[in-house]
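To start, the structure under review is shown below, and the notes come after it.
What follows is calculated from the coordinates using simple rules that are stated; it is not laboratory data. As the structure is a prediction and not an experimental result, all values here were calculated from the model. Ideal geometry is used to build each Cβ from the backbone, glycine not excepted, and the neighbour counts take in all protein chains shown.
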Amino acid sequence: MPTENLRFGSVVAVVALMLAIGAGVWFGSRSTTPDVLAATGGVSYTTVSEAIVVHVSGAVERPGLVTVPSSARVADAIAGAGGAATGADLASLNLASSVRDGDQIVVPLFGVAATPGAAIDRGIDLNRASAAALEGLPGVGPVLAGRIVAYRDLHGPFAAVEDLMDVGGIGEAKLAAMRDSIAAP
């Protein structure tokens, strides 16, 4: 009987934690940043050191600058802009793509051609990707992906794509093959 009570208590605690996290995500995604920006003439101040600012335009409810956490995705930025407007073509965007400070995200309308390069599709981020994600680069297997992560852990983030040349096993030809699949650091 005590084992059942302990198990039940653990389940209740996990459910309560999930509800708290869900509520935080729900209320956290309801950004008022565009209203603050309008009131302050486009200047937004934040006390969160890990916040970034992205520009969301196109078919969203409140286009403009949106402040999101540094771990945010395109979907989070669109939610921060009030969500997609009627007729938005979200299927043309990678909603799971990470955003970086200063990015612009253009949400197109159905049937309207998006501006080339406007939607975010930068490739694999050398400074954030796991070894498994790095294996998605042309010519990179588990061993080389592990070397890239080990180099990054030892020397810090890559400042330029060319810094990959310092990783054992990557030469000019391999770098040229994977360059188009890499997000510029």
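Some notes on this structure:
- Under 12 Å, Cβ to Cβ, from PRO138 - net charge with Lys/Arg +1 and Asp/Glu -1: 0
- Ordering 132-144, 167-179 by mean Cβ neighbour count within 10 Å, with the highest value first, yields 132-144, 167-179.
- Least to most buried among THR86, THR67 (fewest other Cβ within 10 Å first): THR86, THR67
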